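A quick write-up on the structure given underneath.
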Amino acid sequence: MTELWTARPHPTFLPRTLALCLTASLAGVSGCGGERAVEPTAAANPDPAPYRPLLEPLPPPAVDRIKYKAETRTLYFPDLPRSGQWLVKVPGAWGEAAAGTDHVVPPGADPSNTFVYYRRPGGQVSGRVSLSQIQAAAREHDSQIR
């Protein structure tokens, strides 16, 4: 009876494969050529700062531009440039609430612990101002008008 033919690796297959893998890994680690990478020049990108997000917080919103109507407990916000978003943080709430051009503050919210700030599309967050600061700025503005 004849023996079935099975595919067996050639006796020199394994050493050749190992040698090829070792050579490829050494070439990958050490590099193939002696050329250095070209450093980007200032002329190629004269102002790279606008393309990188800043890690420091944005300035807090101007309290004189945010209006608060105490009778309806409503905050009125000015439009933000570049698709920014107003946020209101109320004590006792889980996280902040996104606000449009106006936002109703829940009844019983503490003005000194209710904060208003904004966020830019890149994730940068501004400094916070409290509702009591907004109310004080409105009173100061009203007293200057009279």
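The values are calculated or read from the model by the stated rules, or taken from the named source; none is laboratory data. Because the structure is predicted, anything quoted here is derived from the model rather than measured. Ideal geometry is used to build each Cβ from the backbone, glycine not excepted, and the neighbour counts take in all protein chains shown.
Do you know which of the residues in the range 62-96 that are in a loop (DSSP other than H, G, I, E, B) and in contact (Cβ under 8 Å) with a residue 60 or more places away in the chain is farthest from PRO107 (Cα to Cα)? Show your work before the answer.
We begin by selecting, within the range 62-96, every residue in a loop (DSSP other than H, G, I, E, B); these are 62-66, 70-73, 77-84, 90-96.
Filter once more, so that each one left must be in contact (Cβ under 8 Å) with a residue 60 or more places away in the chain: 63-64, 66, 70.
Numbers: VAL63: 21, ASP64: 23, ILE66: 19, ALA70: 11 Å.
Per the stated criteria, the residue is ASP64.
For the range 106-128, which residues satisfy the criterion of being modelled with pLDDT under 90, more than 16 Å from ALA70 (Cα to Cα) and assigned to a loop (DSSP other than H, G, I, E, B)? Residues satisfying the conditions are ARG120, PRO121, GLY122, GLY123, GLN124.
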